Amino acid sequence: MKFYFSSGKRSKKINKKGRKLSKKAVFSGIQPTGNIHLGNYLGAIRNWVNMQDLYENIFCVVNSHAITIRQNPAELREKTLDLACMLVACGISPEKSSLFIQSEVDFHPALAWILDCNIFMGDMSRMTQFKDKSQKNPKNINVGLFNYPALMAADILLYQVDFVPVGEDQKQHIELTRDVAMRFNRDFGECFKVPEPLILESGARIMGLDDPNSKMSKSATGKNHAIFLLDSPDIIASKIKKATTDSNSEIVFDKSRAGLYNLLSIYEILSKKDRGSIEAEFNGKGYGVFKNALSEVVIESLKPIRESYLRLKSNEDYIRKILNEGLESVKPKAEATYNRAKELIGLV
Ligand code: TYM
């Protein structure tokens, strides 16, 4: 049996004999593009928050990834800080996690270059996110967009972590990260810990409310596509009311009824009820009753986040302080890994 005691940021597990055991480590990132939606929250952020006591945690606002799509510089600066604020509002605790901004650690693009030289064009060309994004931005299919997974691999590998908690759409990028880490270790000597994706079944792929066959996404333009964490209660209720369902009336978990299945999955996660009791709760009742209950649970779950975000937003110094402390704690790890990779490959 293992016990935990908290001694601030670097709490350690202890076993029966009182020996300290290091916790496993996680790294994850999120882009400061668009507004954060329920998919980001249920697929990633909420899990990061809930797992904070179990792991050593590093979370990153990946602003360098954001410039693969053309950004307004002033807006990008603002959104980067806003996102840090939102992560803290969601429950990322500076006592338990290091939070930092990607562009403040130059080892990320530096390691990405070394990895670039060890990833094959064929492997990179298979990335579905590149295909999606280049279809959506046909006038700006830049080299950075293509190379994006190398930078993502660098983000992860710099910190020697065990797990990468993400939504399902990132799985392919993490597989590429594992491949390049193993190849580098084999060809040049042990350098990187090979991480595993941590994808929880529930919430891993939240779909658009207007189109339950496509993933909820920051870049989709439909007015009722996504619920954003900062949406007002009225807007949330109206989006759920208009969410696409079908002409059946039975409220049951049935994957072939994609719209309803998506809404029920959201309800399942946020209400913390099991599927059997949810089906019993709405047995004989129609979509109207279910959608009202769903609105209520979404509104109640997001309310404390909105309130906390608004409070934190007026305290930029506090957020800056968290980011600076995060930066100080992660930078030496990144530096050590980068220097080892540089030496192994013959650059020093
Ligand atoms: P990003 O910014 O698109 O999304 C952040 C996180 O939200 C998850 N997510 C979803 N989960 C469930 N349903 C959805 N509809 C949904 N939409 C998004 C994503 O899976 C992700 O976990 N490439 C990454 C950012 C990144 C990164 C990293 C992540 C850069 N470096 C290193 C992990 C480790 C991205 O674009 O996430």
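Is it true that some residue in the stretch 43-52 is in a loop (DSSP other than H, G, I, E, B) and within 15 Å of the ligand (Cβ to nearest atom)?
Checked against the condition, which is being in a loop (DSSP other than H, G, I, E, B) and within 15 Å of the ligand (Cβ to nearest atom), the stretch 43-52 yields at least one hit.
Would it be correct to say that Leu76 is among the hydrophobic types (A, V, I, L, M, F, W, C), part of a helix (DSSP H, G or I) and within 13 Å of the ligand (Cβ to nearest atom)?
no
Return the only residue of Lys291, Lys321, Lys303 being closer than 30 Å to Ala154 by Cα, of a type in the set (Lys, Arg) and part of a helix (DSSP H, G or I). Even if it seems obvious, please write down each step before you answer.
Numbers: Lys291 fails: closer than 30 Å to Ala154 by Cα; Lys303 fails: closer than 30 Å to Ala154 by Cα.
Only one candidate passes the filter, namely Lys321.
Show the residue pairs that are 6+ apart or on different chains and have beta-carbon atoms under 7 Å apart, the first residue being within the stretch 62-79 and more than 22 Å from Pro138 (Cα to Cα), the second being assigned to a loop (DSSP other than H, G, I, E, B).
Val62/Gln31; Lys79/Pro32
Does Asp187 satisfy the criteria of being buried (at least 16 other Cβ atoms within 10 Å of the Cβ) and either within 10 Å of the ligand (Cβ to nearest atom) or of a type in the set (Asp, Glu) (or both)?
Answer is no for this residue.
Among the numbered conditions (1) modelled with pLDDT under 95; (2) within 15 Å of the ligand (Cβ to nearest atom); (3) in contact with a Lys or Arg (Cβ under 6 Å, 6 or more places away or on another chain), tell me where Tyr261 comes up short.
It fails just one condition, (1).
For the stretch 155-172, enumerate the residues that are assigned to a helix (DSSP H, G or I) and more than 7 Å from the ligand (Cβ to nearest atom).
Within the stretch 155-172, Leu157, Lys171, Gln172 meet the criteria.
Testing Phe100 on (1) surrounded by fewer than 22 Cβ atoms within 10 Å (Cβ to Cβ); (2) over 30 Å from Tyr267 (Cα atoms); (3) not polar (S, T, N, Q), one condition comes back false. Which one is that?
The number of the failed condition is (1).
With respect to Asn118, determine if the residue is of a type outside the set (Asp, Glu) and surrounded by fewer than 16 Cβ atoms within 10 Å (Cβ to Cβ).
Working: of a type outside the set (Asp, Glu): yes; surrounded by fewer than 16 Cβ atoms within 10 Å (Cβ to Cβ): no.
No; evaluated as a whole, the condition is false for this residue.
The values are calculated or read from the model by the stated rules, or taken from the named source; none is laboratory data. What you are looking at is a predicted structure, and each value in this text was computed from that prediction instead of being measured. Note: ideal-geometry Cβ built from the backbone for every residue, glycine included; neighbour counts use all protein chains shown.
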